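Visitor: Structure in structure tokens, see below.
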Amino acid sequence: MKDTPAPGKPPALRRAPRPEGAAAPKPGGAAATSRINKRMAELGLCSRREADAWVENGWVKVNGQVAEMGQQVSPTDRIEVDKQAQNQQATQVTILLNKPIGYVSGQAEDGHEPAVVLVQPQNRWREDRAPMRFNGAQLRGLAPSGRLDIDSTGLLVLTQDGRVARQLIGEDSVMEKEYLVRVVYLGTPAADAAPTQLTRIDDDDPISTNVQAVFPAAQLARLRHGLSLDGQALKPARVDWENPEQLRFVLTEGKKRQIRRMCELVGLKVVGLKRVRIGRVMLGQLPVGQWRYLAPHEKF
């Protein structure tokens, strides 16, 4: 018989729901198992790292028993999470930053500061209407979810919430990222030419105005689908002219310096790159070098 909570008192544990579309288990059938942290992430309860911390704290039960680190579970097992974990998760923040050129997304490197150093009270956008107040604890575990290279600007997501990180950069993520990319045209490289190292922009670059008029339609088609990087074919992308010198890219993957390398393969050189959207969240009017909270009503 199940325990009934006292009147007015919420139950201490939350039961994980069956994933949408998942079939009920067949009686007597053997179910494949997976590590408990992986299963909890698949159910959308938390990230794998958070799951490990919750298990270590004794905040997770499997079929009524306190879970063990690395425990194998099946889809039929009942996973419950203690209120303490839910309360901790509710305090986690996600921050949207308009990263300036010259800052790296992650750890400091080659003398360049990480973008997270800009998350200070004085840099919070005055138009931010989110109800949160800044405090130093919000910097603990605040990590970028997706790269934006040192020479690029625009929307960078920093989060403490493993669910957000998994949604944006998990191995099965198909989240759209949208970029405005200013280019110059150097001429179409030979079909068998090996990719060259990115080079400096010089005053004598051939075409820097009305690039759209001279850039071959066949090469635009290759940008959309047909290029490979690091020996792997790239997923289809949406690429269109925003104006005669600027392309709009929409990608669902994020290889290192992907847009710059894609452009180089078709004879273009990127001279400006700004990320303006991730999923349903827009950069909007957020000024360069300033940040705001992801509001409670906003979803990627």
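The values are calculated or read from the model by the stated rules, or taken from the named source; none is laboratory data. Predicted model only: the values in this text are computed from it and were never measured. Glycine also receives a Cβ, built like all others from the backbone with ideal geometry; neighbour counts cover every protein chain displayed.
Visitor: Having 2 or more residues that are outside the structural domain of residue 128 (by TED's automatic domain parsing) and farther than 24 Å from residue 100 by Cβ is the bar; report the strands (runs of 3 or more DSSP E) wholly within segment 234-300 that clear it.
Guide: The qualifying strands (runs of 3 or more DSSP E) are 238-243.
Visitor: Have a look at 158, 148 and point out the one that is touching a helix residue (DSSP H, G or I) at 6+ places or on another chain (Cβ under 7 Å), more than 15 Å from residue 252 (Cβ to Cβ) and either touching a residue at least 60 places away in the same chain (Cβ under 8 Å) or of a type outside the set (Gly, Ala, Ser) (or both).
Guide: Going through 158, 148 in turn, the sole match is 158.
Visitor: In addition: For segment 151-166, name all the residues that are in contact with a Gly (Cβ under 8 Å, 6 or more places away or on another chain) and modelled with pLDDT under 95.
Guide: Scanning segment 151-166 gives 160, 163.
Visitor: Follow-up question, since we're still on this one. Of the conditions (1) at pLDDT 90 or above; (2) under 30 Å from residue 256 (Cα atoms); (3) assigned to a loop (DSSP other than H, G, I, E, B); (4) not acidic (Asp, Glu), residue 133 satisfies every one except a single condition; which number is it?
Guide: Result: residue 133 fails condition (2) only.
Visitor: Only one residue in 102, 70 is closer than 20 Å to residue 275 by Cβ and loosely packed, with under 12 Cβ neighbours inside 10 Å, so which one is that?
Guide: Exactly one residue qualifies, and that residue is 102.
Visitor: Among 41, 85, which is in contact with a Cys (Cβ under 9 Å, 6 or more places away or on another chain) and either at pLDDT below 85 or assigned by TED's automatic domain parsing to the domain that holds residue 145 (or both)?
Guide: 85
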